[in-house]
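Report on the following structure.
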Amino acid sequence: MLTSFHKMHGLGNDFVILDERPAHLPLTPTRIAALAHRRRGIGCDQLVTLRPACAPGADVFVRFFNPDGSEAGACGNASRCVADLVWRQTGNAAPVLQTRAGLLPTRREADGLVTVDMGEPRTNWQDVPLATAVDTLHLPLPGDPAAVSMGNPHATFFVSDFAMLAQGNALEHDPIFPDRANIGFARMDTPEHMRLKVHERGAGVTEACGSGACAAVVNAVRRGLAARNCVVELDGGVLRIVWSAQTNHVLMTGSATTAFEGTVDLAAYPS
Ligand SMILES: N[C@@H](CCC[C@H](N)C(=O)O)C(=O)O
């Protein structure tokens, strides 16, 4: 049976979006990993599923899966893409996404960019989560990273160059992160401009990581390094991140792009 999919990206962080609103699809971690494979599948940084929302006020329930088959609570770039897709399908320019991390209001801007309210950052060690009770602003690791949850676990290293990127995989699996973690490397050019590269949990280095950009700005503000309104330049493009002092919510604005649409025979992939 053929299943249709949307292939989208936010700044080169690319997604296969499968619609489970009409009916659940036979997806398993093995099948998700096979679909995400760059040579043997469609290829993507994350596979995203849409289901009917079950929370009041939400328009669609969204789940995010890494190419290793693991599930993530949040994905900033995919959230913008889903908001754009819902707008194109229904005309709703402000859909609310239900995710494992909570309800995410979104908004289509006049210039076509999409803003997602990524909610409140969580800075308690239990919420990241970390393995032991330590100060999330200064983890006991070489390089002195800070940690935060944006619905998924992030650590940010403040660097002057990106030589440490090669350590991303080892850091993702450091025992201090019981659920593993996304590892960001941020170079502050000015308080309003950050250059960021992210090694993503379950995916490796991607062209952009939206939740990683939110986490990096939150950690930079907590360290006194960044303004609350900061442009983050990633390999694939730029995001504007605003951490509101009034609401404590983090707003992320950036592009959402459709690459192509297609059909796939899920049964042809191992389960
Ligand atoms: N690309 C994403 C983050 C995807 C999930 C992440 N790899 C995790 O496991 O938490 C983004 O744009 O935020």
Within the range 167-199, how many residues are more than 16 Å from the chain's Cα centre (by Cα), within 14 Å of the ligand (Cβ to nearest atom) and either touching a residue at least 12 places away in the same chain (Cβ under 8 Å) or on the phi > 0 side of the Ramachandran plot (or both)? 5
Within the range 38-83, can you find the residues that are more than 25 Å from Val114 (Cβ to Cβ) and either within 16 Å of the ligand (Cβ to nearest atom) or of a type in the set (A, V, I, L, M) (or both)? Arg38, Asp68, Gly69, Ser70
Just to be sure before I move on: is Arg63 modelled with pLDDT of 95 or more, farther than 28 Å from Leu251 by Cα and assigned by TED's automatic domain parsing to the domain that holds Pro105 in the structure I sent? no
Selection within the range 134-165 - part of a strand (DSSP E or B), more than 11 Å from Thr123 (Cα to Cα) and more than 16 Å from the ligand (Cβ to nearest atom): Phe157, Phe158
Does any residue in the range 67-92 that is farther than 13 Å from Ala256 by Cβ come within less than 6 Å, Cβ to Cβ, of a residue that is within 12 Å of the ligand (Cβ to nearest atom) and not in a loop (DSSP other than H, G, I, E, B) six or more places away or on a different chain, and which pairs are these? Pro67/Ala36; Glu71/Phe65; Ala72/Phe64; Ala74/Ser211
Just to be sure before I move on: is Leu85 assigned by TED's automatic domain parsing to the domain that holds Gln46 and under 14 Å from the mean Cα position of the chain (by Cα) in the structure I sent? no
Could you tell me how many of the residues in the range 6-44 are in contact with a helix residue (DSSP H, G or I) (Cβ under 8 Å, 6 or more places away or on another chain), within 14 Å of Thr206 (Cα to Cα) and in contact (Cβ under 8 Å) with a residue 40 or more places away in the chain? 5
Which residue, of Ala163, Ala133, is assigned by TED's automatic domain parsing to the domain that holds Arg240 and without any contact (Cβ under 8 Å) to a residue 12 or more places away in the chain? Ala163
Just checking, which of Arg107, Arg122, Arg100 is within 16 Å of the ligand (Cβ to nearest atom) and either outside the structural domain of Met8 (by TED's automatic domain parsing) or farther than 20 Å from Val218 by Cβ (or both)? Arg122
Could you check, for the range 200-222, whether at least one of its residues is modelled with pLDDT of 95 or more, surrounded by fewer than 24 Cβ atoms within 10 Å (Cβ to Cβ), more than 24 Å from Pro29 (Cβ to Cβ) and more than 12 Å from the ligand (Cβ to nearest atom)? yes
Filter result for Asp14 (over 19 Å from Arg107 (Cα atoms), among the acidic types (Asp, Glu), outside the structural domain of Lys197 (by TED's automatic domain parsing) and touching a Cys at 6+ places or on another chain (Cβ under 7 Å)): yes
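The values are calculated or read from the model by the stated rules, or taken from the named source; none is laboratory data. Note that the structure is a prediction, hence the values are computed from the model and not measured. In this analysis, Cβ positions are derived from the backbone assuming ideal geometry, glycine residues included, and neighbour counts consider all displayed protein chains.
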